[in-house]
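Worksheet: the structure to be examined is printed underneath.
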Amino acid sequence: LTGADTVAAYLRDPHTDELRPTAAHGVPKRAVAALTAAPLPLAAVEFPAAAARDRLVWTDDAPRDPRFSHPLFRRLCPQSAVIIPLVSEGEFAGAFYLVWRRARRKFAKAELARLQAIGRQGGLLCRNAYLLRALEARAGRLRMLGQLNELVSGSLDQSEIPRAIARAAAGLMDAPAVGLWLVDEAEQTLELRAFSEDDLEIGFPSKALRFGEGAVGWVALHREPLVLTDVFAPSSIVVDHDWWRRNGFRSFVAVPIVADDSLLAILSMYGRSPFRLEQGDHEVLEGFVAPIRNALLHASVAA
């Protein structure tokens, strides 16, 4: 439509507020690494203030335009450039970068209006795709909840219930690893009863904790969920880092499971990137805790 030499599409990650490279055409070899290696922090790019207001950002003199001083543009050696924001319902979803390297490109008002319409349509498509993925994820989680209910109410060996819970939680929350800790309130102790993946138990710092000891012990003591986005931060209550580094884990979420004011267990989740618990995730966790509670009570009665 435009004769641009290079076109790159970036989509905004709503969790990290970064622009992530998604597709490109006509990228010079010298710029491939810069364009594809890493996301762009939104704050480091000059155009979002204008683009977020649903306005094109364009220039027919890119070398002298301060809005196009980012190293990404400099590697493309642009003469002219246009950034088309992808906006839907006031939400900035990403952008198309169009670059002309060999000659300057001027636009008539009608052409700019057409490009802006493309951006709005693209933003709408991105939003629809995001909503569809969210619905599919929610439907998958509901199926897992149903399967867990069937599992714990069936003929499963009671000794296998903790591992079944851990594996179901890993799938439900898209967590690389989940542990289930059983609680002895009289002794104020916790025991790691199961991991979603067997090999992750190897070298685990401690499979028995007292209330108040470590991150899981903190949850047991306070009976509150705990979210750590970076266990290596100086303020983190996680101190033994060897296991975390060896398995590439960095973030942590733990949830107490309580029945009739009695603490039954702690569900601990381990991630390689920060867990971003949105409203829907909290609802899913609350829905998940109920069958876990029932499963643990059922196993206790059977025992």
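Some notes on this structure:
- Length-normalised contact order for the range 157-243 - Cα pairs under 8 Å, 6+ apart - percent: 19
- The listed residues His70, His222, His25 rank as His25, His222, His70 when sorted by accessible area, largest first, using a 1.4 Å probe.
- Per-residue ³J(HN,Hα) for the range 198-209, Karplus 6.51 cos²θ - 1.76 cosθ + 1.60, θ = phi - 60°, Hz, x for Gly and Pro: 4, 5, 6, 6, 5, x, 4, x, 7, 9, 9, 10
- Built amide H within the under 5 Å cut-off of Val258, gap 5+: Leu264
- List Ser236, Ser273, ordered by accessible area with a 1.4 Å probe, largest first: Ser273, Ser236
- Solvent-accessible area of Tyr10 with every protein chain in place, 1.4 Å probe, in Å² to the nearest 10: 0
- Prolate/oblate/rounded label for the range 151-274 (Cα gyration tensor, a/c 1.5): oblate
- With the highest mean first, a sort of the peptides 125-132, 17-24 on other beta-carbon atoms found within 10 angstrom per residue produces 17-24, 125-132.
- Couplings 3J(HN,Hα) for the range 210-226, derived from phi with the Karplus relation 6.51 cos²θ - 1.76 cosθ + 1.60 (θ = phi - 60°), are 9, 3, x, 8, x, 5, 5, x, 4, 5, 5, 5, 9, 6, 10, x, 10 Hz, where x marks Gly and Pro.
- Rounded, prolate or oblate (a/c below 1.5 giving rounded, otherwise prolate when a/b exceeds b/c) for the range 57-117 by Cα gyration tensor: oblate
- Heavy-atom accessible surface of Glu187, to the nearest 10 Å², is about 110 Å², with a 1.4 Å probe and all protein chains retained.
The values are calculated or read from the model by the stated rules, or taken from the named source; none is laboratory data. On a predicted model such as this, the values are computed, not experimentally measured, just so you know. Methodologically, a virtual Cβ is constructed for each residue, glycine included, from the backbone with ideal geometry; neighbour enumeration extends over all protein chains shown. For accessibility, only protein heavy atoms count, side chains too; no ligands or nucleic acids. Shrake-Rupley method; radii C 1.70, N 1.55, O 1.52, S 1.80 Å.
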